[in-house]
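A short write-up of the structure that comes next.
The values are calculated or read from the model by the stated rules, or taken from the named source; none is laboratory data. Everything numeric here is computed off the predicted structure, so don't read it as measured data. Counting neighbours? That spans all protein chains shown, and the Cβs are built from the backbone with ideal geometry, glycine included. Calculation scope for accessible area: heavy atoms of the full protein, side chains included, ligands and nucleic acids excluded. Shrake-Rupley method; radii C 1.70, N 1.55, O 1.52, S 1.80 Å.
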Amino acid sequence: FPTSVTYGFLKSLLDNCKNISPKGVCIAFDTEVPTFRHDLDPNYKANRDVAPDRFFQDIDQLEIILKDNLNLPIFKSPGFEADDIIGTLAKKAEKAGFITYMMTPDKDFAQLVSDNIYMYRPPRMGNNAEVWGVSEVLKKFEINRIDQVIDYLGMMGDASDNIPGIPGVGDKTAKKLLALYDNMDGLYLHTDELKGKQKEKVE
């Protein structure tokens, strides 16, 4: 019976809970149902291999352990990703007065960071765990406000999710354009200031 997902997930969860000693923990999972992003763009994540049946066997076993043995709440919602659920719960918890740590290495979550919401990036590939608050995100992305994370990521696109950005715009160019024009709308209002191929690609 496959156990690699269950073992890896539980080891990571328990090890990292020792680091931050949370008062409460909840888990979010994807479902096998396509999400609203697939409705918007059929090519969303189309470059990814389909998970083998053994993976879902393992996930089923993991859910049983999380619910029945660790008594942890699990959230899933057809049409939405686990990421959407984590973001929603984090914002609801913030309104209720909680300090929340979103445990994920995914840079997309940086757009949700606030004075009460942090990204907890687990140790990986020999690196130590990192906690990103507002100051860490602003420094990492070289931006002035958290809402600019969305424009930064939008300009670059995301190859892992098969989301196209502006052709030829990577990390350095996105940061430069944001420094000049503040956000995507500002960039589009000033395309006349761009030169050559970059102007053509942005337009």
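So that you can scan it fast, the table gives a plain yes or no per residue for (1) in contact with a Leu (Cβ under 8 Å, 6 or more places away or on another chain); (2) open to solvent by 80 Å² or more (accessible area, probe 1.4 Å):
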position: LEU66; (1), (2): yes, no
position: PHE80; (1), (2): no, yes
position: ALA90; (1), (2): yes, no
position: THR104; (1), (2): no, no
position: VAL113; (1), (2): no, no
position: PRO123; (1), (2): no, no
position: PRO167; (1), (2): no, no
It is to be established whether one or more residues within the stretch 41-64 are over 21 Å from PHE9 (Cβ atoms), open to solvent by 80 Å² or more (accessible area, probe 1.4 Å), of a type outside the set (Gly, Ala, Ser) and not in a loop (DSSP other than H, G, I, E, B). no
Where residues in the stretch 11-36 are at pLDDT below 90 and either among the hydroxyl-bearing types (Ser, Thr, Tyr) or in contact with a helix residue (DSSP H, G or I) (Cβ under 9 Å, 6 or more places away or on another chain) (or both), which of them is least open to solvent (accessible area, probe 1.4 Å)? THR31
Flag if ALA129 is open to solvent by 80 Å² or more (accessible area, probe 1.4 Å) and of a type in the set (A, V, I, L, M): no
Among (1) touching a Pro at 6+ places or on another chain (Cβ under 9 Å); (2) touching a residue at least 24 places away in the same chain (Cβ under 8 Å); (3) farther than 27 Å from PHE36 by Cα, which single condition is ARG124 missing? (2)
Taking LYS175, is it open to solvent by 60 Å² or more (accessible area, probe 1.4 Å) and part of a helix (DSSP H, G or I)? no
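Scan ILE20, ILE74 and give me the residue that is over 26 Å from ILE163 (Cβ atoms) and touching a residue at least 60 places away in the same chain (Cβ under 8 Å).
ILE20
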Verdict on PRO167 being within 26 Å of LYS45 (Cβ to Cβ), touching a strand residue (DSSP E or B) at 6+ places or on another chain (Cβ under 6 Å), modelled with pLDDT under 95 and part of a loop (DSSP other than H, G, I, E, B): no
Suppose we filter the stretch 109-139 for residues that are more than 15 Å from the chain's Cα centre (by Cα), of a type in the set (S, T, N, Q) and closer than 18 Å to LYS91 by Cα; how many remain? 1
